[in-house]
1. For the stretch B:1-40, give me each residue that is among the aliphatic types (A, V, I, L, M) and touching a helix residue (DSSP H, G or I) at 6+ places or on another chain (Cβ under 7 Å).
2. Please work out if B:F25 is surrounded by 16 or more Cβ atoms within 10 Å (Cβ to Cβ), closer than 19 Å to B:V108 by Cα and not small (G, A, S).
3. Out of the stretch B:9-31, which residues are farther than 19 Å from B:A49 by Cβ and either assigned to a helix (DSSP H, G or I) or aromatic (F, W, Y) (or both)?
4. Pairs please, first residue from the stretch B:37-49 and in contact (Cβ under 8 Å) with a residue 24 or more places away in the chain, second anywhere and open to solvent by 70 Å² or more (accessible area, probe 1.4 Å), Cβ atoms under 8 Å, 6+ apart in sequence or on different chains.
5. Can you go through B:A34, B:A77, B:A82 and tell me which one is assigned to a helix (DSSP H, G or I), in the same structural domain as B:S128 (by TED's automatic domain parsing) and of a type in the set (A, V, I, L, M)?
6. Could you check the stretch B:121-156 and list, in sequence order, the residues that are more than 20 Å from the chain's Cα centre (by Cα) and more than 7 Å from chain A (Cβ to nearest Cβ)?
7. Select from the stretch B:130-153 the residues that are touching a residue at least 60 places away in the same chain (Cβ under 8 Å) and open to solvent by less than 10 Å² (accessible area, probe 1.4 Å) and write down the one among them that is farthest from A:K155 (Cα to Cα).
8. Could you list all residues from the stretch B:40-53 that are in contact with a His (Cβ under 9 Å, 6 or more places away or on another chain) and open to solvent by 20 Å² or more (accessible area, probe 1.4 Å)?
2 protein chains.
Amino acid sequence: MGRWEPDARGRLERSALELYAERGFDQTTVAEIARRAGLTERTFFRHFADKREVLFHGSHALEELLVDAVAGAPDTAAPMDAIATALDVAGGMFEERREFARRRNAVVAAHAELRERELIKLASLAASLAGALRGRGVAEPAASLAAEAGIAVFKIAFERWAGDADGPDLPRLMRESLDELRAVTAGA
Amino acid sequence: MGRWEPDARGRLERSALELYAERGFDQTTVAEIARRAGLTERTFFRHFADKREVLFHGSHALEELLVDAVAGAPDTAAPMDAIATALDVAGGMFEERREFARRRNAVVAAHAELRERELIKLASLAASLAGALRGRGVAEPAASLAAEAGIAVFKIAFERWAGDADGPDLPRLMRESLDELRAVTAGA
């Protein structure tokens, strides 16, 4: 292991996002990210497998957060209420990393392959949420439908939030979108 | 153009699916597909850009079918009812190609990259459906939420249908899944 660098990971993350935004993801090298962060490539690779991982390393933590929230919802909570609890927790997490999340989203939105990776991440989150609901005794296909509906709400609320810096906070947008989904599926 | 081959496209499609199922998608070459169909590679490439297109060329027709059905739903139809009409039409189309659709699904399910391509196709269908709803005057985010909910129903009903050869037909599974989604989002 090399010497300890204060907040090396955070510095690398910020430098990478700046460069992806300035030059584009494809045009940025790991060497440039490390240089801007005042660190070495070797240090970069101690923290991230490659330059895409800077954008996607949070997926695992997000999945855990969502699954734990569904699993921890009160026993009496209906499937969609357990999902709503999870969306609320996730929304709060993104609010804490507001600036990072918005910049990351702009980089992903500008790049076809990264947008595809994001879709795959969302599908994987939906599968994990469905598993968490089955763990609460929810039968199929209700578990998968509730999970997919939850991810649809997440996706659409997130897009609105990322696109409007002065708008409502993410947990509120999640709740509004879920209400809207309830209304639209009810046939209103 | 070469000489006319009776049902060359259908023969290539069937040969490709047989080979993908027998050997795996990666292990199959275009030369082998053409040979099994009793045709030349040249003929294959008159019909398909590559061996993946045999599996995905139907996406465009499906998109048109769904979008036309949403656009053509009665003016008085609520957004989710317009989506339900589209799912019904799509279900009928797949029933007519039942054997092909099920075999295709098994090939796609067995291959990570093809599964990813399928997710991207579904996301693109959701975007087109949302556009068709906006064309009917449905505001955002209701249009996108109804479209995403419709694609969730499509995905889950399709999986059930593909996995159970003796089960209900696809239009019926689509209706059941939509009813289930309505129930689960209503909090039942």
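1. First, pick out the residues of the stretch B:1-40 that are among the aliphatic types (A, V, I, L, M): B:1, B:8, B:12, B:16-17, B:19, B:21, B:30-31, B:33-34, B:37, B:39.
Once the filter is applied, which keeps residues that are among the aliphatic types (A, V, I, L, M) and touching a helix residue (DSSP H, G or I) at 6+ places or on another chain (Cβ under 7 Å), the stretch B:1-40 yields B:A8, B:L12, B:A16, B:L17, B:L19, B:A21, B:V30, B:A31, B:I33, B:A34, B:A37, B:L39.
2. yes
3. Within the stretch B:9-31, the subset farther than 19 Å from B:A49 by Cβ is B:18, B:21-24, B:27.
Scanning the stretch B:9-31 gives B:E18, B:A21, B:E22, B:R23.
4. B:A37/B:R14; B:R46/B:M1; B:H47/B:R9
5. On the way: B:A34 fails: in the same structural domain as B:S128 (by TED's automatic domain parsing); B:A77 fails: assigned to a helix (DSSP H, G or I).
So the residue among B:A34, B:A77, B:A82 that is assigned to a helix (DSSP H, G or I), in the same structural domain as B:S128 (by TED's automatic domain parsing) and of a type in the set (A, V, I, L, M) is B:A82.
6. Once the filter is applied, which keeps residues that are more than 20 Å from the chain's Cα centre (by Cα) and more than 7 Å from chain A (Cβ to nearest Cβ), the stretch B:121-156 yields B:R134, B:G135, B:R136, B:G137, B:V138, B:A139, B:E140, B:A143.
7. Looking only at the stretch B:130-153, we keep the residues that are touching a residue at least 60 places away in the same chain (Cβ under 8 Å), and these are B:131-133, B:135-136, B:142-143, B:146-147, B:149-150, B:153.
Now restrict to residues that are open to solvent by less than 10 Å² (accessible area, probe 1.4 Å): B:133, B:143, B:146-147, B:149-150, B:153.
Numbers: B:L133: 18, B:A143: 13, B:A146: 13, B:A147: 12, B:A149: 12, B:G150: 15, B:V153: 17 Å.
For the stretch B:130-153, the residue satisfying everything is B:L133.
8. Residues of the stretch B:40-53 that are in contact with a His (Cβ under 9 Å, 6 or more places away or on another chain), as a first pass: B:47-49, B:53.
Selection gives B:H47, B:A49, B:E53.
The values are calculated or read from the model by the stated rules, or taken from the named source; none is laboratory data. Just so we're clear, the structure is a prediction, and the values are computed from it rather than from any experiment. Cβ atoms come from the backbone with ideal geometry, glycine included; neighbour counts cover every protein chain shown. Accessible surface areas use protein heavy atoms only, side chains included; no ligands, DNA or RNA. Shrake-Rupley method; radii C 1.70, N 1.55, O 1.52, S 1.80 Å.
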